[in-house]
Amino acid sequence: MSVEDSAIKQDEVKQTPQSVSAMLLELVDSLPVDHFTLEWLLGRLDRRSFGIVLLILSLAALVPGVSMLAGPLLAVPAFEMILGRRVPSFPRRVAIHPLRTTPLASIVRRALPVVMFLEKIVHPRWHISPDVSRRAVGIAVLIVSVLFLVPLPLIQIVPALLVALMALAYLEEDGLLLCLSLVGAAVLLAITTAATWGTILGVASFGALSSPASQPSAFNV
């Protein structure tokens, strides 16, 4: 092999993007022992940082008790994606806030086999403009992030999985998976809205029936 061919080969290797699973594994292996910060995390990501941040936060949201924090955190990069920014940023106080390493490392390692499996079937197709896909994902994640604040047991699982799918589709430039996950987010939002509205109406009607004014009077016999 000539020197020129060798140089071309090296350039191709350098330009080949690292797989999502490899990047996640590298991040987990390099996590500080006790705590990490979002500032540390952003400092280790490349141009695909939006997708990786969304994926990591969605995986962290699967940990019980973390979803209430994950919702607002997901809203920050989602809003920046809507604005068309290239890389995410967090307010200084949030960026340097220490987060426990063990729960994140555990959930990421458990999710790695699933991510590696999905990488075999997720690939670039149905090309969508990067600006359009970035804003579409941002809008969807911003809306879905509200569901993490609903005080119901295990309610965070479905929106977290949807955000993870949107992040993976965005990272792999898979327009088909992106469209399917956006439809799933719309369906989830519609179901949650209908269920919440039904609950409100049920509580209101129960309150009306149990009020003193609705009880039959002994004098009306």
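Extending 7 Å from the Cα toward the beta-carbon at both Arg93 and Ala186 defines two label points whose distance is 3.8 nm. When every Cα-Cα distance of region 22-95 is counted in 10 angstrom steps from zero, the calculated P(r) takes the values 17, 55, 26, 1 percent. The residues packed around Leu118, meaning those with a beta-carbon under 13 Å from its beta-carbon, carry a net charge of -2 if Lys and Arg are +1 and Asp and Glu are -1. Annotation: region 85-184 has a Kirkwood hydrodynamic radius of 15.2 angstrom, from the mean reciprocal C-alpha pair distance.
Rg/Rh, computed from the Cα trace of region 60-105 with Rh as the Kirkwood radius, has the value 1.00.
Between the amide H of His35 and those of Thr101, distances stay under 5 Å, these residues lying 5 or more places away or on another chain, with hydrogens modeled in the peptide plane. The packing ranking, built from the mean of other Cβ atoms within 10 Å per residue, places the peptides 49-60, 103-114 in the order 49-60, 103-114, highest first.
Taken together, the values in this text are just the output of simple stated rules run on the coordinates, not laboratory data. No experiment lies behind these values; they were computed from the predicted model shown. Here the Cβ is made from the backbone with ideal geometry for all residues, glycine too, and neighbour counts use every protein chain on show.
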